[in-house]
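Student: Here it is, the structure in full.
The values are calculated or read from the model by the stated rules, or taken from the named source; none is laboratory data. Owing to the predicted nature of the structure, the values given are computational and were not obtained by experimental measurement. Please note: Cβ atoms are built from the backbone with ideal geometry, for glycine as well, and neighbour counts cover all protein chains shown. Quick note on the areas: whole protein, heavy atoms, side chains included, nothing else; ligands and nucleic acids left out. Shrake-Rupley method; radii C 1.70, N 1.55, O 1.52, S 1.80 Å.
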Amino acid sequence: MSAGPDNARVVTLTVNGERVSRRVAARAHLVDFLRDTLDLTGTHVGCEHGVCGACTVRVDGMAVRGCLMLAVQADGAVVETVEGLTDRGAIADLQEAFLARNALQCGFCTPGMLITIAELLEREAAPSRAAIREAISGNYCRCTGYQAIVDAVERTLAARAGRAT
Amino acid sequence: MKAPDFAYARPTVLSEVFDLLDGDGDVRLLAGGQSLVPSLNMRLSAPSLLVDINRLPGLSGIEARDGVVRIGALTRHGEIARSALIAERLPLLAMAAPHIAHAAIRNRGTFGGSIALADPAAEWPACCLALGATMVVASRAGERRVAAGDFFTGLFATALRRGEVLVAIEIASPPAGSVAHFSELARRRGDYAIVGLAAQVARAEDGAMDPRLAFFGVGDRPVLAEATRRVIAGGGGIADAQATLGRDLAPTGDAECAGATKLHLARVLLGRAMAALRTRGDA
Ligand SMILES: Cc1cc2nc3c(=O)[nH]c(=O)nc-3n(C[C@H](O)[C@H](O)[C@H](O)COP(=O)(O)OP(=O)(O)OC[C@H]3O[C@@H](n4cnc5c(N)ncnc54)[C@H](O)[C@@H]3O)c2cc1C
Ligand code: FES
Ligand code: FES
């Protein structure tokens, strides 16, 4: 049985490995729920219409725009933010490469970039520079000029390939 | 900005969706949300109720039966991009998918949502036109089928009536020897096209071509270039075809560029397509 229409409802989901249950307004999008209700401010909010990529998080393993999904839609889902990926060490090498290549300045875009790139690295073993650029084309960075970010991804790829052989 | 207040329902059977669509007020279906939620956040629309169809069984997935590929309305853009069945049977869709937005948006946006929205610059409606797709529409009264050529009726307007849900899109596999061609011009990767071309081209053994050319970004809906098709099928060359395209298309200008520029760009895409098709060996 599904509940009838309502302007707010209780959702239960897993966020960074922890089960949480909260009442949320139907109009609240996922990124506001993560930031304001759960205090997970690693994920940023920019344009709120899908263009900048700052709000990108993982839902059931896939990168999605946190500003274009309602929190009520995440009921039952497994959500992961940059805090979760960091805590379980899943992107430690990528983060180290970002630091080494100066792939962030103000850092506003970085959490969204990391989530987006983490998915690329899982889907493709050896993406070209062009494919990396394509993958981050939906993540705006107003500081770095992107070259350093692409460099950091290549550095991570090279290190991972080296480790695999 | 933040979305206005609205009520939310998440039915798990189609009959419940029909009940909710019958209610008063501005009731909207919520599929991938990748067009609807931005319009809510920007306060361009203020529905009273969103009916989330994401948990309805049977609306998602790609399957082939009797030479027809059936794509559930809830199938995500990304699933189509990664489907081996689509790459084999309907390569036009595989070619178009990477041009739609960005990976995170393709993970969520749906085939049916894009077709129901009918943005004149969107890739999927043009592909459906080029492929002669059939839209499967359900309502309390039962199912009906609408040909792509009759489905797109204007700017963000379709043949869908109040109370109806687009449930699937059926596309017959193109005949052997037919090839797909897709290209578009956009300012940035992932942007909606300024002008685009989705083409499915039947080719005879002697090299004669019979192309279904669907242009998008050139008016209030995607357009099949029929006069140009006849010129090409009759053996006309690139210059003839490009000249004739002016009879098929009458683009109006938009924020992107003037109508005359769009017609010029459509001719450029047509010329490139014909040149590429002539040299392709994968007939
Ligand atoms: C930054 C950005 C860039 C984008 N770039 C592109 C692009 O280049 N090309 C492109 O084509 N699209 C682009 N999109 C839009 C994206 O493809 C959307 O996914 C798509 O337009 C709508 O599909 P949806 O499932 O998200 O639908 P929703 O946003 O959920 O719904 C859209 C409309 O369709 C209706 N609807 C949805 N499903 C059904 C159904 N089954 N039956 C009846 N009505 C239905 C809804 O009620 C609503 O009115 C972009 C989006 C963003 C945010
Ligand atoms: S805040 Fe979501 S894409 Fe910009
Ligand atoms: S580091 Fe400032 S926006 Fe990317």
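Student: Could you report the accessible area of B:Arg221 in Å², rounded to 10, computed with a 1.4 Å probe on the protein chains as they sit in the structure?
Tutor: Accessible area, nearest 10 Å²: 80 Å².
Student: I would also like to ask the following. Largest first and in whole Å, what are the equivalent-ellipsoid semi-axes of the range B:179-279 based on the Cα gyration tensor, each being the root of 5 times an eigenvalue?
Tutor: Details: eigenvalues 108, 41, 22 Å².
Semi-axes (√(5λ), whole Å): 23, 14, 11.
Student: Ignoring ligands, DNA and RNA, how much accessible area is buried between chains A and B, both sides summed, with a 1.4 Å probe, to the nearest 100 Å²?
Tutor: Values: alone 8670 and 12900 Å², together 18580 Å².
So the total buried area for this chain pair works out to about 3000 Å².
Student: Would you tally the net charge around B:Ser15, using a Cβ to Cβ cut-off of less than 14 Å, leaving B:Ser15 out, and scoring K and R as +1, D and E as -1? Could the numbers behind the result be given before it?
Tutor: On the way: positive: B:Arg140; negative: B:Glu16, B:Asp19, B:Asp22, B:Glu143, B:Glu164.
Taking every other residue near B:Ser15 into account, the sum is -4.
Student: Another one. Looking at the range B:167-228, which GluC sites (Glu not before Pro) are in a loop (DSSP not H, G, I, E or B) and have at most 14 other Cβ atoms within 10 Å? Write down the numbers at each step before the final one.
Tutor: Values: sites: B:Glu170, B:Glu184, B:Glu205, B:Glu226; in loops: B:Glu205.
Of the GluC sites (Glu not before Pro), the ones in loops of the range B:167-228 whose Cβ has at most 14 other Cβ atoms within 10 Å are B:Glu205.
Student: Right, something else. Please report the carbon-and-sulfur percent of the accessible area for the protein assembly as shown; probe 1.4 Å, protein heavy atoms only, DNA, RNA and ligands left out.
Tutor: Working: 9630 of 18580 Å².
That fraction is 52 percent.
Student: Still on this structure: Using the heavy atoms of the protein chains and a 1.4 angstrom probe, tell me the accessible area per residue for chain A in square angstrom.
Tutor: Numbers: 7150 Å² over 165 residues.
Per-residue accessible area for chain A comes out at 43 Å².
Student: Compute the accessible area per residue over chain B, keeping the other protein chains in place, probe 1.4 Å, unit Å².
Tutor: Details: 11430 Å² over 283 residues.
Result: 40 Å² per residue.
Student: Would you tell me the accessible area of B:His99, worked out with a 1.4 angstrom probe on the heavy atoms of the protein chains, in Å² to the nearest 10?
Tutor: The value for B:His99 is about 50 Å².
Student: Would you mind giving the mean number of other chain beta-carbons within 10 Å of the Cβ of each residue in A:20-30, as a whole number? Don't jump to the answer; show the numbers that get you there.
Tutor: Values: counts 0, 0, 0, 0, 1, 5, 9, 10, 2, 6, 0.
Mean partner-chain Cβ count within 10 Å for A:20-30: 3.
Student: On to the next question. Rank these by accessible area, largest first, 1.4 Å probe: B:Met209, B:Met42, B:Met135.
Tutor: Working: B:Met209 25, B:Met42 75, B:Met135 0 Å².
Result of the area sort, largest leading: B:Met42, B:Met209, B:Met135.
Student: Order the following by accessible area, largest value first: B:Tyr8, A:Tyr146. Probe radius 1.4 Å; ligands, DNA and RNA are ignored. Working shown, then result.
Tutor: Details: B:Tyr8 0, A:Tyr146 50 Å².
Solvent-accessible surface, decreasing: A:Tyr146, B:Tyr8.
Student: Right, here's the next one. Viscosity 1.002 mPa s, temperature 20 °C: Stokes-Einstein D of the range B:86-130 from its Kirkwood Cα radius, in µm² per second? Walk me through the numbers on the way to the answer.
Tutor: Values: Rh = 10.9 Å.
D, rounded to a whole number, is 196 µm²/s.
Student: Tell me which DSSP H helices of chain B clear both cut-offs, 30 Å or more of axial length from alpha-carbon atoms and a mean Kyte-Doolittle hydropathy of at least 0.0. Please report the intermediate quantities before stating the final value.
Tutor: Details: long enough: B:259-279 (31 Å, 0.54).
Within chain B the helices that satisfy the rule are B:259-279.
Student: With N residues in the range A:46-160, what two-decimal value do you get for its Cα radius of gyration over 2.2 N^0.38 Å?
Tutor: On the way: Rg = 13.6 Å, N = 115, 2.2 N^0.38 = 13.4 Å.
Relative to the rule-of-thumb radius for its length, the range A:46-160 sits at 1.02.
Student: Considering every residue in A:65-74, what mean count of other chain Cβ atoms within 10 Å of its Cβ is obtained? Show your work: numbers first, answer last.
Tutor: Details: counts 11, 1, 5, 13, 6, 9, 0, 5, 10, 0.
Average neighbour count from other chains, rounded to a whole number: 6.
Student: From the square roots a ≥ b ≥ c of the eigenvalues of the alpha-carbon gyration tensor of the range B:7-52, which class results: rounded (a/c under 1.5), prolate (a/b over b/c), or oblate? Write down the numbers at each step before the final one.
Tutor: Details: a/c = 3.00, a/b = 1.61, b/c = 1.86.
The shape class here is oblate.
Student: Oh, and also: If you build the Cα gyration tensor of chain B and take the root of 5 times each eigenvalue, what three semi-axes come out, in whole angstrom, biggest first? It would help to have the intermediate numbers written out before the result.
Tutor: Working: eigenvalues 226, 91, 51 Å².
Semi-axes, largest first: 34, 21, 16 Å.
Student: Kirkwood Rh over alpha-carbon pairs of the range A:32-99, then Stokes-Einstein at 10 °C and 1.306 mPa s: what D in µm² s⁻¹, rounded to an integer? Mind dumping the intermediate values first?
Tutor: Details: Rh = 12.6 Å.
Translational diffusion coefficient: 126 µm²/s.
Student: For the range B:62-172, what ratio Rg/Rh do Cα atoms give with a Kirkwood hydrodynamic radius? Can you show the working numbers first?
Tutor: Details: Rg = 13.1 Å, Rh = 13.9 Å.
Computed over Cα atoms, the ratio is 0.94.
Student: Between Rg and the Kirkwood Rh of the protein assembly as shown, both from Cα atoms, what is the Rg to Rh ratio? Before the final figure, lay out each step's value.
Tutor: Details: Rg = 22.8 Å, Rh = 23.2 Å.
With Rg and the Kirkwood Rh in hand, the quotient comes to 0.98.
Student: Then there is this: On average, how many beta carbons from a partner chain sit within 10 Å of the beta carbon of a residue in B:5-16? Can you show the working numbers first?
Tutor: Numbers: counts 5, 6, 8, 13, 8, 9, 4, 2, 1, 0, 0, 3.
The per-residue average across the peptide is 5.
Student: Rounded to the nearest 500, what is chain B's calculated 222 nm mean residue ellipticity when only DSSP H runs of at least 4 contribute -39500 (n - 2.57) each, over all residues? Provide the component values of the computation, followed by the final result.
Tutor: Working: 12 runs with 95 residues, N = 283.
My calculation for chain B gives -9000 deg cm²/dmol from helical runs alone.
Student: Please report, largest first and rounded to whole Å, the three semi-axes of the ellipsoid equivalent to the range B:45-109, where each semi-axis is the square root of five times an eigenvalue of the C-alpha gyration tensor. Mind showing how you got there, number by number?
Tutor: On the way: eigenvalues 117, 56, 15 Å².
The equivalent ellipsoid of the range B:45-109 has semi-axes of 24, 17, 9 Å.
Student: Which value, in Å to one decimal place, does the Kirkwood hydrodynamic radius take for the range B:110-195 when every pair of different Cα atoms is included? Spell out each step's value before the answer.
Tutor: Working: mean 1/r = 0.0715 Å⁻¹.
It is 14.0 Å.
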